[in-house]
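S.K.: I have a structure here, written as structure tokens, and I will follow up with some questions on it.
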Amino acid sequence: MPAEAKGNPEGYLFPATYPVTSRSTPGTVLSYMVRTARRNLATRAVAEGGKTHGMTPYQTATLAGIVQAEAESRADMGKVARVVHNRLARSMPLQMDSTLNYALNRRTVDTKLSDTRIDSPFNTYERQGLPPTPIDSPGLEAMAAAVAPTPSREMRGGGPGPASTIGGLPMRGTGGRAVKWLWKTKAKAKAKNGTPDAGPPQAQPPDGQGAGGQEPDSQGTDTTTPATEAERAAARAELEARGRLIARWGGDAPAWREWLARSPIGVDLLVWWFDEADLTHLVGPERYTERLGELLSLAAPRDVAALRLGCNRRVDRACATPEVCSLDPLPVPDGETPRHRGWEPGACTSFIDLWTPHEIRVEFTPDDRHNATLLLRGGPGDALLWVDGVPVARGEWLDDGGHWQDGRYFVLRLGGPFDHPSQGHSEIGQYLYDIVSLLVYDAELRRAHVFVPADDEPWKEPVVDVRDGTGYVYADKAARDAGVTAREFALQPPGTG
């Protein structure tokens, strides 16, 4: 939270659709909402627009909160914002019923004279300027209106009728009726004292200026230049586009736009991931899953991060922005090489899905050249393995502990022979058997090597080494340390037959 907020999240609970899982807590959701609000307030259109009006981001949030609370519709937000700006420019009290409602913890358009006399910093009838904190949590449209208000000179509510208005604009509880009623009360008092009254106060721009500090022309009309109008329209369109992205893909989606614009697979993956229900209905669950595995295995690390999967540094939390990992680097012990050194600094080498039925595991080589994607789908008996867009294994009791070796070979344990003399269930139950086979997939040649133990080979934790163009399989680490080889296989260099 900004220091001005003093820990109060009011105004920063950004209205959007947020992912909520079994691991979510009220605190994580609130943090997500606040982070989304701060990111939108920091966008170029909002931040620079606020500076144009001499507002800090917190003041922008405060004014946008009034707009959110007052306007009846999205189309009215710019007009509401203009009235607020014009009153501030004339050092007039804002006289907004919404701020009184906030102080009195209510929602009503029936503001009484006694309400306007309450002792509260949110009583904008008696106090000038913005209230001390936001009174509502503004969305993108309200933020856009706050920094790019509709050109107008309106400063007050004056429309008759059951709803208060600003220049004929219907609003939820502005001080229109209260101002008019107060004027009548003062007029009666003046008449009793023999002082004539000229009528309700008329809105006047600052001397020699039109609304927003612009020079009026000889006709007294607004002289906003087309360029300024174009800039306002562009800023509003930008924020509306961000709103659509957030509504569909979550509050962090806009942060990934620059990356997705140059990613060959990222947008396709994003659409396939978020449109699962419709696409499954269209092509069937099996085809959906196959295509998902293919797209994931063709993706770059940041494509997968944009889906908001957990990474090897934050298994239970998704990446917030493309830069988050580079801002929080993983410590590397002395004498060890970094876990990741690809051409996209900050992206992780592995991702994990703890929330969907697909149970996705994605492992990249340190240079990001190869990608192994495993979809466990509830258990290794139904698992799918894809490497670089190629289906490698399916339903063979695939383990979820696969790893890359020498930046080329993906090593994964499979279920061993069911009739092996030493076969039995492992300590983790039926998820994996005691005796396992071994899959070594050569990503350069797209060739799979599968090694199955003989009856006299009780492979429980087999390992692989690659030296001088030859692969060596050992029953376990102790056998490797002792130099007892179980299998050898030749590894051809890329480009050979």
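S.K.: Could you list, in sequence order, the residues of segment 57-84 that are of a type in the set (S, T, N, Q) and modelled with pLDDT of 90 or more? Working first, answer last.
M.R.: Step one: list which residues in segment 57-84 are of a type in the set (S, T, N, Q), which gives 59-60, 62, 68, 73.
Q59, T60, T62, Q68, listed by residue number.
S.K.: OK, next. Can we say M55 is aliphatic (A, V, I, L, M) and open to solvent by 30 Å² or more (accessible area, probe 1.4 Å)?
M.R.: Numbers: aliphatic (A, V, I, L, M): yes; open to solvent by 30 Å² or more (accessible area, probe 1.4 Å): no.
Criteria not met by M55.
S.K.: From the set of residues in segment 86-103 that are open to solvent by less than 20 Å² (accessible area, probe 1.4 Å) and not in a loop (DSSP other than H, G, I, E, B), which is nearest to R236 (Cα to Cα)? Lay out the reasoning, then the answer.
M.R.: To start, the set of residues in segment 86-103 that are open to solvent by less than 20 Å² (accessible area, probe 1.4 Å) comprises 86-87, 94, 96-101.
If we keep only those that are not in a loop (DSSP other than H, G, I, E, B) too, we end up with 86-87, 96-101.
Values: N86: 20, R87: 23, M96: 25, D97: 27, S98: 24, T99: 26, L100: 29, N101: 29 Å.
Restricting to residues being open to solvent by less than 20 Å² (accessible area, probe 1.4 Å) and not in a loop (DSSP other than H, G, I, E, B), the top hit is N86.
S.K.: Determine the pairs where a residue that is closer than 16 Å to L63 by Cβ and touching a residue at least 40 places away in the same chain (Cβ under 8 Å), located within segment 91-117, has a partner that is of a type in the set (F, W, Y) and open to solvent by less than 70 Å² (accessible area, probe 1.4 Å) with Cβ atoms under 6 Å apart, the partner being 6 or more residues away or on another chain.
M.R.: Q95/Y125
S.K.: Being charged (D, E, K, R) and either at pLDDT 90 or above or over 14 Å from E363 (Cα atoms) (or both) is the filter; apply it to segment 386-431 and report the residue that is most open to solvent (accessible area, probe 1.4 Å).
M.R.: So the residue we want is E427.
S.K.: Determine whether V362 is in contact (Cβ under 8 Å) with a residue 60 or more places away in the chain, out of contact with any His (no Cβ under 9 Å at 6 or more places or on another chain) and not small (G, A, S). Before you say what the answer is, go through the steps one by one.
M.R.: On the way: in contact (Cβ under 8 Å) with a residue 60 or more places away in the chain: yes; out of contact with any His (no Cβ under 9 Å at 6 or more places or on another chain): yes; not small (G, A, S): yes.
Against the criterion (in contact (Cβ under 8 Å) with a residue 60 or more places away in the chain, out of contact with any His (no Cβ under 9 Å at 6 or more places or on another chain) and not small (G, A, S)), V362 qualifies.
S.K.: A follow-up question, please. Looking for something modelled with pLDDT under 90, of a type in the set (S, T, Y) and more than 15 Å from T150 (Cα to Cα) - is there at least one such residue anywhere in segment 97-105?
M.R.: no
S.K.: Condition check: out of contact with any strand residue (DSSP E or B) (no Cβ under 9 Å at 6 or more places or on another chain), among the hydroxyl-bearing types (S, T, Y) and either assigned to a loop (DSSP other than H, G, I, E, B) or open to solvent by less than 10 Å² (accessible area, probe 1.4 Å) (or both). Does S120 satisfy that? Give the steps one after another, and end with the answer.
M.R.: Details: out of contact with any strand residue (DSSP E or B) (no Cβ under 9 Å at 6 or more places or on another chain): yes; among the hydroxyl-bearing types (S, T, Y): yes; either assigned to a loop (DSSP other than H, G, I, E, B) or open to solvent by less than 10 Å² (accessible area, probe 1.4 Å) (or both): yes.
In short, yes.
S.K.: Here's another thing I want to ask about it. Looking at segment 2-24, which of its residues are surrounded by 11 or more Cβ atoms within 10 Å (Cβ to Cβ) and charged (D, E, K, R)?
M.R.: If the condition is that a residue be surrounded by 11 or more Cβ atoms within 10 Å (Cβ to Cβ) and charged (D, E, K, R), then E4, E10, R23 are the ones that fit.
S.K.: Tell me which residues, restricted to segment 390-405, are farther than 22 Å from Y472 by Cβ and aromatic (F, W, Y).
M.R.: Of everything in segment 390-405, just one residue is farther than 22 Å from Y472 by Cβ and aromatic (F, W, Y), namely W397.
S.K.: Checking V109 against (1) at pLDDT 85 or above; (2) open to solvent by 10 Å² or more (accessible area, probe 1.4 Å); (3) in contact with a Lys or Arg (Cβ under 9 Å, 6 or more places away or on another chain), which single condition isn't satisfied?
M.R.: For V109, the exception is condition (1).
S.K.: While we're on this one: How many residues are more than 29 Å from A37 (Cα to Cα) and either free of Cβ contacts under 8 Å to residues at least 40 places away in the same chain or surrounded by fewer than 21 Cβ atoms within 10 Å (Cβ to Cβ) (or both) when one looks only at segment 248-293? If you could, list the steps in order and put the result at the bottom.
M.R.: So the first thing to find is which residues in segment 248-293 are more than 29 Å from A37 (Cα to Cα), and the list is 264, 278-293.
Those left that are additionally either free of Cβ contacts under 8 Å to residues at least 40 places away in the same chain or surrounded by fewer than 21 Cβ atoms within 10 Å (Cβ to Cβ) (or both): 264, 278-291.
Residues in segment 248-293 being more than 29 Å from A37 (Cα to Cα) and either free of Cβ contacts under 8 Å to residues at least 40 places away in the same chain or surrounded by fewer than 21 Cβ atoms within 10 Å (Cβ to Cβ) (or both): 15 in total.
S.K.: Another question about this same structure. Answer yes or no as to whether L298 is touching a Leu at 6+ places or on another chain (Cβ under 9 Å) and either among the hydroxyl-bearing types (S, T, Y) or surrounded by 21 or more Cβ atoms within 10 Å (Cβ to Cβ) (or both). Lay out the reasoning, then the answer.
M.R.: Working: touching a Leu at 6+ places or on another chain (Cβ under 9 Å): yes; either among the hydroxyl-bearing types (S, T, Y) or surrounded by 21 or more Cβ atoms within 10 Å (Cβ to Cβ) (or both): no.
Considered against the rule, which asks whether it is touching a Leu at 6+ places or on another chain (Cβ under 9 Å) and either among the hydroxyl-bearing types (S, T, Y) or surrounded by 21 or more Cβ atoms within 10 Å (Cβ to Cβ) (or both), L298 comes out as no.
S.K.: Which of the residues that make up segment 441-475 are open to solvent by 50 Å² or more (accessible area, probe 1.4 Å) and at positive phi?
M.R.: The first filter runs over segment 441-475 and keeps only residues open to solvent by 50 Å² or more (accessible area, probe 1.4 Å), leaving 444, 446-448, 450, 452, 455-456, 458, 460-461, 467-468.
Scanning segment 441-475 gives R446, D468.
The values are calculated or read from the model by the stated rules, or taken from the named source; none is laboratory data. What you are looking at is a predicted structure, and each value in this text was computed from that prediction instead of being measured. All Cβ positions, glycine included, derive from the backbone under ideal geometry; neighbour counts span all protein chains shown. Accessible surface areas use protein heavy atoms only, side chains included; no ligands, DNA or RNA. Shrake-Rupley method; radii C 1.70, N 1.55, O 1.52, S 1.80 Å.
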